[in-house]
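Here's the structure, in C-alpha cells; my notes come after.
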Amino acid sequence: MKFAEHLSAHITPEWRKQYINYEEMKAMLYTAVEEAPAMESVEEDVIKRHFANFDENFYHYCDEELKKINTFYSEKLAEATRKYAALSAQLRSMVENQQKAKTKSHTLKRINLPYRKAQELKLAFSEFYLSLILLQNYQNLNHTGFRKILKKHDKLLRSDNGGRWQKEQVETSHFFTNKDIDKLINDTETTVTGTLEGGDRQKAMKRLRVPPLGEQQSPWTTFKVGLFSGSFVVLFIAVILSAIFHESTGENLKIAFRLYRGPLLLIEFVFLMGVNIYGWRSSGVNHVLIFELDPRNHLSEQHLMEMAAIFGVVWTLSLLSFLYSASLSIPPYVNPLALTIVMIVFLMNPFKVFRYEARFWLLKTIGRMVAAPFFHVGFADFWLADQLNSLVTALLDFQFLTCFYVTNGNWLEAGNTRQCMEESYIIRPIVNCLPAWFRFAQCLRRYRDSKEAFPHLVNAGKYSTTFCVVIFATLRSFHASKYDDAFDNPYLWLWLLSSVVSACYAYTWDIKMDWGLFDKNAGENTFLREEIVYSTPFFYYFAIVEDLVLRFVWALSFALTEYRIVSGDLMTSVLAPLEVFRRFVWNFFRLENEHLNNCGKFRAVRDISIAPIDSNDQIIILKMMDDEDGVINRDTKHGRAKNRKIKEDKKPLLTTFKGSLQDLTVDISSSKKL
C-alpha cells in the first residue's frame, strides 16, 4: 500500500486538516521536476537555480506544516494531561471516601468501589485511553509522512538536503522528541490495572483495547451477506409469481399485503442503514462518535446488511407459506402473526446473544425517545425519532395487524376490516401522530434545557404541522359521506393547505438546517456549503432535487387516488418505500453536517462525564449540537474568523483549582454511554 493510501486510511477524520499535507507536497515535487528545463538545452547552473528556488518554497511549506503539527500536538497533549489529572483525582477521591467508610465500620475487607461510580470511571478511562492512542498514531503518521516526503525529495532532485532537514528540523521538533504521550499511556494502563481492575492486567487491557485502525471486514460475514441476499432475490421473485397465479380472493391478498408491508419496510430500512454506514465509513464521517457508540464493539455495515438479508428470507418464506397455506394445511393468517412475533422476540430477547449490545442500545434509545419530555435529548435520540417519522406507514400497518388479530376470530378468512382502517377515527390518527409527537416533545425539552427559541421552538413548529395534516385528513374522511362532490368538503381544502405548509416547512428545514446547505460562504461549491465531505457536488444537487420531489409527491398521490386512477392501498405501497429511501439519502447529509461540527472542534472520541453537569455546561453542549454553520474550524478565509471566536469561547477542561488535588472535579462533557 502506498503511504498516501495508508495515511488516508489511518488518520483520525476529525483531525484531517491537522495532518501533514502529504499529497500537496508530493504534487509540488512532481511539478518542480516536470517544469525543470531540459539538461540538453540549458547550462547546469540554470537547473541548479531552478531547484534552489523550488527548495526555498518547498522547505518554507514544510516549516509551516511542521509548526501546524507541533501546535496541534502540544494542544492535544496538554488537554490529555489535564484530563488524566482530573480522572486520577476523581479516582483517588473515591478510594479515600471508601477508606474512610471502611475505617468507620472497623472492617478488614478489601475496598470495593461503588459499582456505578466504578463503571463510569472505567468507561471514562477507556475513552481517554482511546484518545491517547489516536494522538500517538497522529505523532507516528506525521513523522513517517515527513520521512517519506523528504526521502522522495532527495530521490527526485538528486540531493541530500531533505535528509539534513529531517535531522535538523523534524527529529528535533516537539511532536517527535516529546515522549509524554507514551508515559500517559503507561500511567493509564497502570491506574486501570491496579485500582479499577484489582491488579488483573489481562482484564484491564481487554477493557482498554483499541480496535485496529483501517480494520477489514470478515470474509465469512461478506459470504453470508451474499448468500442471504441472493436467496432473498430468488424467493422474492417466487413470491411475485405465486401471488400473480394464486387462486385466493383478491381481498385476502389485499389484507395479507397490509399485514406484510410493515415488516418489509423495516427490512428495507435496516438494509439501507447498512449502505449509510458504508458511505459514512468510506468518506471518513465518524458515525461511531456521532452516535456515541462503543468504538470497540459496534455493528458494521455488513452486520446490518446480513441482518436485513436474513429477515428478508424469513419474510419471503412466511409470505409463501401464506400463499400455499391450503397445501400446507395451516391457517393462512397464522403466518404474518408468527413473522411479527419472531421480529419482536429478536429485538426484545434478554439473553446476550444475537447482537445483544446493539439491541440493548436501540431499546434504551427508544425508551428515551418515547419519554422525550423527561430526559435529556442526545443526537441518537432525535435522529431515531426522525427515522420513525419516515416509518409512519410501518407503524400504521402494525396497528392494523394488532386490530386485525384482536377483532377477527377467523384466521382462515379476512372478514370485514373497516373498523381497523377506514372507520378507525381515533386509534389510527393517534398512531399517525406519534413520531411527530416524539420530535415535538424533544424540541420542547431542548428548549427547556437551552432556553433558545431558535432553533428548538421553530423546529417544534415544523412537527406541529403534522398534527394539523392528520387532524384535517381524519375530519375529511369522517365527513366524506355528507358531500356528493369531494371538493365541496371544507376539510379537504384545510388538509391541502396544511399539507402544503408542512411540506414547504420540512423541505426548507432539511436543506438549510439539517444539511447546512445554501450557505452564503459556499465559495466554489455553489448553493452548498464551504466544506463538503463527499467526492462530488453532484450527490448534493441530486439530494436537493430528490428531497423536493419526494416531499411533494403526496400531491401526485392525491390526484391519482381522487380520480380513482390508482387505489389508495397501492399508492401507499409505492410511496412508503420511497419515503424510507428519502430518509436514507437524508441520513448521509445530516451526519455529514454533524461530523463537520466535530471536525471544527477536533472532537474525535466520546467525552464521558463522571461529574454532574450544571446548567451552563448543558447550554454549551446544546449550542455545539445546533451550530448552524457546521464547520467552525477550517483553513479557509471564512474559517479563520470562526477559529478565533471558538478559541475565545473554549471552556477549560478542569474547573478552577481550589484546595488539594483531591478536590479537583471533572468537566469533560455531558455525553453518557448509550
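The values are calculated or read from the model by the stated rules, or taken from the named source; none is laboratory data. Everything numeric in this text was worked out from a predicted model, so none of it was measured. Ideal geometry is used to build each Cβ from the backbone, glycine not excepted, and the neighbour counts take in all protein chains shown. What goes into the accessible areas is simple: the full protein's heavy atoms, side chains included, and nothing from ligands, DNA or RNA. Shrake-Rupley method; radii C 1.70, N 1.55, O 1.52, S 1.80 Å.
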Please find, within segment 24-56, the residue that is modelled with the lowest pLDDT out of those that are open to solvent by 100 Å² or more (accessible area, probe 1.4 Å) and in a helix (DSSP H, G or I). Glu44
Sort out which residues of segment 559-573 are assigned to a helix (DSSP H, G or I) and either without any contact (Cβ under 8 Å) to a residue 12 or more places away in the chain or within 19 Å of Asp386 (Cα to Cα) (or both), and write them in order of number. Ala559, Leu560, Thr561, Gly568, Leu570
Name the single residue that is nearest to Arg551 (Cα to Cα) among those in segment 512-529 being among the aliphatic types (A, V, I, L, M) and not in a helix (DSSP H, G or I). Leu517
Restricting to segment 538-566, what's the tally of residues that are more than 18 Å from Phe584 (Cα to Cα) and open to solvent by less than 80 Å² (accessible area, probe 1.4 Å)? 9
State yes or no: is Leu317 over 30 Å from Ala380 (Cβ atoms), without any contact (Cβ under 8 Å) to a residue 12 or more places away in the chain and touching a helix residue (DSSP H, G or I) at 6+ places or on another chain (Cβ under 8 Å)? no
Among Trp509, Trp495, which is the only one that is in a helix (DSSP H, G or I) and open to solvent by 30 Å² or more (accessible area, probe 1.4 Å)? Trp495
In segment 266-287, is there at least one residue being among the acidic types (Asp, Glu) and open to solvent by less than 20 Å² (accessible area, probe 1.4 Å)? no
What about Phe584, is it in a loop (DSSP other than H, G, I, E, B) and either surrounded by fewer than 18 Cβ atoms within 10 Å (Cβ to Cβ) or at pLDDT 95 or above (or both)? no
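To keep it simple, each residue is scored yes or no on (1) assigned by the TED database to the domain that holds Leu241; (2) surrounded by fewer than 19 Cβ atoms within 10 Å (Cβ to Cβ).
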residue: Leu323; (1), (2): yes, no
residue: Pro331; (1), (2): yes, yes
residue: Leu337; (1), (2): yes, yes
residue: Lys364; (1), (2): no, yes
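Listed here are the residues, each with its yes/no results for (1) buried (at least 18 other Cβ atoms within 10 Å of the Cβ); (2) in contact (Cβ under 8 Å) with a residue 24 or more places away in the chain.
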| residue | (1), (2) |
| --- | --- |
| Leu328 | no, no |
| Val342 | no, yes |
| Asn349 | no, no |
| Lys352 | no, no |
| Ala385 | yes, yes |
| Leu396 | yes, yes |
Any chance segment 195-206 includes a residue that's modelled with pLDDT under 85, basic (Lys, Arg), within 30 Å of Phe128 (Cβ to Cβ) and surrounded by 15 or more Cβ atoms within 10 Å (Cβ to Cβ)? no
Give the residues of segment 492-550 that are of a type in the set (S, T, N, Q) and touching a residue at least 24 places away in the same chain (Cβ under 8 Å), sorted by residue number. Ser498, Ser499, Ser502, Asn521, Ser535
Could you please let me know if Ser74 is out of contact with any Pro (no Cβ under 7 Å at 6 or more places or on another chain), closer than 23 Å to Tyr138 by Cβ, surrounded by 13 or more Cβ atoms within 10 Å (Cβ to Cβ) and in contact (Cβ under 8 Å) with a residue 60 or more places away in the chain? yes
Apart from one, (1) more than 28 Å from the chain's Cα centre (by Cα); (2) within 30 Å of Asn597 (Cβ to Cβ) all hold for Ala460; the odd one out is (1)
Would you check if Thr407 is among the hydroxyl-bearing types (Ser, Thr, Tyr), under 31 Å from the mean Cα position of the chain (by Cα) and under 23 Å from Tyr333 (Cα atoms)? no
Hey, can you tell me all the residues within segment 413-446 that are of a type in the set (S, T, N, Q), open to solvent by less than 50 Å² (accessible area, probe 1.4 Å) and either farther than 19 Å from Trp509 by Cβ or part of a loop (DSSP other than H, G, I, E, B) (or both)? Thr417, Ser424, Asn432
